[in-house]
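K.L.:
Have a look at the structure that comes next, please.
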């Protein structure tokens with residue numbers, strides 16, 4: 001069996017996204033999150049694509065800022081430090097969105113066109 005084709009960076013990044021997505025779903029349920037709120041907020045991070053209305057450089061910058069794990073993990077840490085369960089749920093939804101994006105093959109954007117990502121060119 002040729003494992004080099006099974007464990008390509010794109011596959012590993014999708015598996016990583018699936019792991020984050022499933023873990024955040026589990027934690028969201030464990031912390032008693034409201035599923036209607038989850039559904040309503042899950043795709044809010046995609047509003048960052050509105051930056052593309054200005055130009056591709058700003059669009060990629062804003063989209064990537066919102067679609068990296070850095071900010072939602074910081075929010076998660078803050079929510080734990082100040083014991084704020086609502087912020088914790090928001091952080092889990094945000095992380096869940098990013099994990100789902102990676103699972104589906106949507107990656108961080110290059111400042112060329114919206115379809116150029118670090119995972120592949122989205123068809």
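The values are calculated or read from the model by the stated rules, or taken from the named source; none is laboratory data. Just so it is clear, the structure is predicted and the values come from calculations on it, not from any experiment. Reconstructed Cβ throughout: ideal geometry from the backbone, glycine too, with neighbour counts over all protein chains shown.
K.L.:
May I ask you to verify whether residue 112 is touching a helix residue (DSSP H, G or I) at 6+ places or on another chain (Cβ under 9 Å), surrounded by fewer than 19 Cβ atoms within 10 Å (Cβ to Cβ), modelled with pLDDT of 95 or more and assigned to a loop (DSSP other than H, G, I, E, B)?
P.N.:
Answer is no for this residue.
K.L.:
The conditions are (1) assigned to a loop (DSSP other than H, G, I, E, B); (2) crowded, with 19+ Cβ neighbours inside 10 Å, and residue 83 fails exactly one of them. Which is it?
P.N.:
(2)
K.L.:
Based on what the data block shows, is residue 27 surrounded by fewer than 13 Cβ atoms within 10 Å (Cβ to Cβ) and in a helix (DSSP H, G or I)?
P.N.:
no
K.L.:
Could you check how many residues of the stretch 21-53 are within 18 Å of residue 79 (Cα to Cα) and under 12 Å from the mean Cα position of the chain (by Cα)?
P.N.:
Residues that pass the stated criteria total 1.
K.L.:
Turning to a different aspect of this structure: Conditions: (1) farther than 22 Å from residue 108 by Cβ; (2) at pLDDT 95 or above. Residue 42 meets all but one. Number of the miss?
P.N.:
The failed condition is (1).
K.L.:
State the number of residues belonging to the stretch 38-60 that are touching a helix residue (DSSP H, G or I) at 6+ places or on another chain (Cβ under 7 Å), assigned to a helix (DSSP H, G or I) and touching a residue at least 12 places away in the same chain (Cβ under 8 Å).
P.N.:
The total comes to 8.
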